[in-house]
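Below: one structure, written as structure tokens.
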Amino acid sequence: MKKTILLISLFLLGACVSPQVAVNQNADFSDIKRVAVLTFSGTNGDVAADFMTQSLLMSGADVVERQRLSSVLQEHSLTESKYFDAGTAKQIGKLLGVDAMFVGTVVKYTDAGKYLVNTSKGRLITGVTEVNSSSIHSEGSVAGLPNSQILSTSASVSLMARMIDVQTGSVMWSASMSYEGFDIQTAMQAITDSFVHSLKSFWPALTK
């Protein structure tokens, strides 16, 4: 059992710790003054969008309040879908008075967990699957249960995000990143902070 845990842990050390970023070389970021963050698709996409909004605000961006965004979209029968076209992007931009929008996807979402393992039999006694989706940490043996121990897994999140020019519908910036943290909130915040940090070198509206 210990050997199996070690092999899984070594395999998972390859998780991405910084975002992979692509930038449209023809995009003029100096024209972007105000932005909106649409709800990310995927599990807890609203939470991911809230963290993206917070990270942008902390770096000095002018961001439309998300409740107002939802209200305007509902009023005009529009949707926060990743499948909207350039015409819809331009319409949303005009309604909200924004120059660009952030859209994204929660690609992977795994909560932290704990498992009771009987090491003599080498199998889980209680539990939930996908133990191999996150790093595994031993919390020691269990009193009164010989050959058993508690294992915990960290929360794991993978996000993708894009910044879209509402006038042209062109993607200005795109990034993806995976991160493991003590909980989902920690992981999401780490990713969105890294996303925004990657924008600072070419978007003048952000503080350095």
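The values are calculated or read from the model by the stated rules, or taken from the named source; none is laboratory data. The structure presented is a predicted model; accordingly, all values stated were derived computationally and were not measured. Reconstructed Cβ throughout: ideal geometry from the backbone, glycine too, with neighbour counts over all protein chains shown.
Looking at ALA49, ALA22, just one residue is modelled with pLDDT of 85 or more, exposed (fewer than 15 other Cβ atoms within 10 Å of the Cβ), under 21 Å from the mean Cα position of the chain (by Cα) and closer than 18 Å to ILE191 by Cα, and that residue is ALA22. Picking from residues in the range 173-187 that are closer than 24 Å to TRP203 by Cα and surrounded by 21 or more Cβ atoms within 10 Å (Cβ to Cβ), the one that is nearest to the chain's Cα centre (by Cα) is MET177. Checked against the criterion of being farther than 26 Å from SER201 by Cβ and either among the basic types (Lys, Arg) or part of a helix (DSSP H, G or I) (or both), the range 27-41 has no qualifying residue.
When the range 14-59 is filtered for residues that are without any contact (Cβ under 8 Å) to a residue 24 or more places away in the chain and of a type in the set (Ser, Thr, Tyr), only THR53 remains. If you go through the range 60-74 and keep only what is aliphatic (A, V, I, L, M), part of a helix (DSSP H, G or I) and in contact (Cβ under 8 Å) with a residue 24 or more places away in the chain, you end up with LEU69, VAL72.
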